[in-house]
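J.: Have a look at this one.
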Amino acid sequence: MKKLLYPAMLLLCLPIAVIAQQRGFAISDKVMIGHSWTVGNRSDAFKRAFHPTVQVGRSALFNVSDNVGIGIGSFFSTEGFTFKSDNNTEGGKAVQRMNYIRLPLNAIFTFGDQANRVRPRIGIGGSVGFLVGGKSYLLDEDEEAFVGFKTTKIMSTKVDAGASGLLGVTIRITNGLYVNHDISYYHGLVENKYEDDAASSFTHRNIGVSMGFTITPEAIKSWKSKMKHH
């Protein structure tokens, strides 16, 4: 695990000025909010409820051309599920929060001429996530927790992986600076298991909307030039 984490963190912590010196490279920051759920562990006594997911992080992008880019990132992601009792006379919820450090690898395809201010884009790829925290608990009808555990203690599966995709637009603010608006979907492919073999395993799902920005060497050079004239 350390062999995977150290190179990724080194890449993403490089100063923007250093990365900008390499032609074709750019930095992209993003925040996503949405809904997370799981497949395989819901009993008939519960129904799915909204479970907020938040992802925030940075990607280093290599622009192969004006229309194609490859990116590797490092993101903090909170995921999991919320199940609500399906009994109309009794309340209660089961909540499991799962915090991951995710390392996504994506190919981004941006359509149209680079001179266009607004351009549609799609992305495909995958993500590997390392479970680092979270809490799992049961709530009564008054939203009071009466049973709680650390998620890392009850899960035997500590590494998740799956496929991801995005659909959105990129908007040029100025030369080398872009704002990105996307809808993203993640489809987990790893069966997550509990330490208790009697508990049902599951796979992850989440969908969300994101906003971010991308900065290229062109913008860095432009800002440096303006600073010299002031």
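J.: Sort the range 157-197 into rounded, prolate or oblate with this rule: let a ≥ b ≥ c be the square roots of the eigenvalues of the Cα gyration tensor; rounded if a/c is under 1.5, and if a/c is not under 1.5, prolate when a/b is larger than b/c, oblate otherwise.
T.: prolate
J.: Let me ask something else about it. Ignoring any ligand, DNA or RNA, what whole percent of the accessible area of the range 93-135 comes from carbon and sulfur when the probe is 1.4 angstrom? It would help to have the intermediate numbers written out before the result.
T.: Working: 1210 of 1970 Å².
Here it works out to 61 percent.
J.: Moving on. Mean separation of Cα pairs under 8 Å and 6+ residues apart, divided by the residue count of the range 49-102: what relative contact order is that in percent?
T.: On the way: 91 pairs, mean separation 18.6, N = 54.
Worked out over the range 49-102, it gives 34 percent.
J.: Less than 12 Å Cβ to Cβ from Tyr186, Lys/Arg counted +1 and Asp/Glu -1: what total charge do the surrounding residues give? Walk me through the numbers on the way to the answer.
T.: Numbers: positive: Arg102, Arg205; negative: Glu79, Asp160.
Within the 12 Å Cβ shell, the charges total 0.
J.: When ranked by the protection proxy of mean other Cβ atoms within 10 Å per residue, highest first, what sequence do the peptides 59-67, 74-82 form? All intermediate terms of the calculation are to be shown ahead of the outcome.
T.: Details: 59-67: 16.1, 74-82: 21.1.
Top to bottom by mean Cβ count within 10 Å: 74-82, 59-67.
J.: Let me ask something else about it. Strictly greater than 24 Å: what percent of every Cα pair in the range 120-226 meets that?
T.: Details: 2887 of 5671 pairs.
Looking at the range 120-226, the distances longer than 24 Å represent 51 percent of pairs.
J.: Cα-Cα over 27 Å: which of Lys30/Lys153; Lys47/Lys150; Lys135/Lys193; Lys30/Lys193?
T.: The pairs that break the limit, which is 27 Å between Cα atoms, are Lys30/Lys153; Lys30/Lys193.
J.: So for the range 122-172, averaging the separation of alpha carbon pairs under 8 Å that are six or more residues apart and normalising by length, what relative contact order in percent results?
T.: 50
The values are calculated or read from the model by the stated rules, or taken from the named source; none is laboratory data. Computed from a prediction, not measured in an experiment: that's the story for all the values here. Cβ sites come from the backbone with ideal geometry, for glycine too, and all protein chains shown count toward neighbours. Heavy atoms of the whole protein, side chains included, go into the accessibility calculation; ligands, DNA and RNA do not. Shrake-Rupley method; radii C 1.70, N 1.55, O 1.52, S 1.80 Å.
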